[in-house]
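Data block below; observations after.
The values are calculated or read from the model by the stated rules, or taken from the named source; none is laboratory data. Just so you know, these numbers come straight off a predicted model, no measurement behind them. Here Cβ is always computed from backbone atoms with ideal geometry, including for glycine, and neighbour counts include all displayed protein chains.
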Amino acid sequence: MALPSVKQLEAFWWAAHCANFATAAERIHLSISALSKRLSELESAIGQPLFDRSRQKAVLTDVGRRLLPAALQVLDAAAVFERSGADTPTLRGHCRFGVGDLSALTWLPAMVARVRAAHPELVLEPYVNVGGVLEQRLADGELDFAVIAGLSPRSELVSRSVGNARFEWAVAPALAGQARNAKVTDLLRRHPLVTLPSGAGTMRLLDDWLLTHKATVAQRIVCNSWVAVAGMIGAGVGVGFLPAGWANHLKLHRIGVRSPLAPLQYAFQWRRGDARGLIAGMQAIVPSTVDFTYAPCIGAAPPRKKRMLGATRQ
C-alpha cells in the first residue's frame, strides 16, 4: 500500500468535517475536481472507499470514520514538524472565524491586532453575524471557531466559556420623564421594543426577563446592528437595552436598575474532535482579549481599574 500524502489527508479531513465537498474545497483553496482527485488517490492508496457517494450527500464509511483520528494525528505531527524549524512557534494558513455584532464592536479589533503580532503568517477572516447563523456555519465546517452568546446545544460542537456581557435598559431623554416614574414593563406596553433579531444570543436573556417579570411587548422594531439599535433608542423611537456603559456615554436615561437583565455568557465554540493546533492556539489568545466594556465605534472607553499595592494579575 502506498503511503498517503499530507495533502491527501488534509483533503480527507476537511471533506469529512464540512457540509459538502464544495465547502471543503474552498477551505483549502482547491477546485472541487482537485479535491475529489486527492480523495480518489487516497482511497486508491488504502484500497477502500472513505466516503459513500451513493446518497445525495457523501458520508463517511466505517473505514473513513475509523481512519479520521489517525489522519488528524498525522496532520498535527506535520504542523509540529513545520513549526519546529522556526525560532518561535507560529500559526500559519487561514483562520475563518465568527463573532456577533457586539464582539465586532468591542474586543475583535484588539484580538486581531494581537494575533497578527504573534502569528504574522496566519491570515484571519472574521465573519460577523447573529449566533444562530454562526453556529450553523461552524457545524457545516465553514468556520474554524466562533465566539457566541451562550453554550451550544449541538452535540457536534464544544463550548468553553470566555466571558460575560452586561446590559442595561435605556430610553432617550425625551422619554425620561415617563421613565422616572414608570417600570420597564409599563414602558414596554406603551412604546416599541427596539431589539436585535431572534437569532441573536441576547434574545435568550430578553425572553427570560420578559417571562420572569410577566411583561408584554406592544410592538418590536428589529434590527441586526447594535449601533442602529442604540441610535433608534437615542432618537426616542422606543425602549431597549444596551451593553453596560453605553447609556451613560450616549447620554441616555438608564431604567430598570432594580430589575436588571442577567449577564450573558459568551463561549468559544469549535467542532467536536477538531484537535488542530490552530484551535488550541486561538483558545489561548481569545479569552484574554474578550472585553465588552470597550466600544471604539462609539468612543466608549473601559472603566479605569484601581491598582492596589500587592495586587497580582490573574
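A few points about this structure:
- The criterion of at least 3 residues that are within 19 Å of Phe268 (Cα to Cα) and not β-branched (Val, Ile, Thr) is met, among strands (runs of 3 or more DSSP E) falling completely within segment 92-191, by 93-99, 122-128, 145-149, 157-165.
- Extreme residue, surrounded by the most Cβ atoms within 10 Å (Cβ to Cβ), among residues of segment 39-48 that are more than 13 Å from Leu3 (Cα to Cα) and within 35 Å of the chain's Cα centre (by Cα): Leu39
- Of the helices (runs of 4 or more DSSP H) lying entirely inside segment 202-287, the ones with 2 or more residues being in contact with a Leu (Cβ under 9 Å, 6 or more places away or on another chain) and surrounded by 19 or more Cβ atoms within 10 Å (Cβ to Cβ) are found at 202-212, 226-234.
- Residue within segment 288-297 that is of a type in the set (Phe, Trp, Tyr) and farther than 17 Å from Gly98 by Cβ present: yes
So that you can scan it fast, the table gives a plain yes or no per residue for (1) assigned by TED's automatic domain parsing to the domain that holds Gly234; (2) touching a Phe, Trp or Tyr at 6+ places or on another chain (Cβ under 9 Å):
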position: Arg154; (1), (2): no, no
position: Val158; (1), (2): no, yes
position: Ala172; (1), (2): yes, no
position: Leu187; (1), (2): yes, yes
position: His191; (1), (2): yes, no
position: Leu196; (1), (2): yes, yes
position: Met203; (1), (2): yes, no
position: Asp208; (1), (2): yes, no
position: Leu211; (1), (2): yes, no
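- Residue match in segment 22-41 (condition: modelled with pLDDT of 90 or more, in contact with a Leu (Cβ under 6 Å, 6 or more places away or on another chain) and in a helix (DSSP H, G or I)): no
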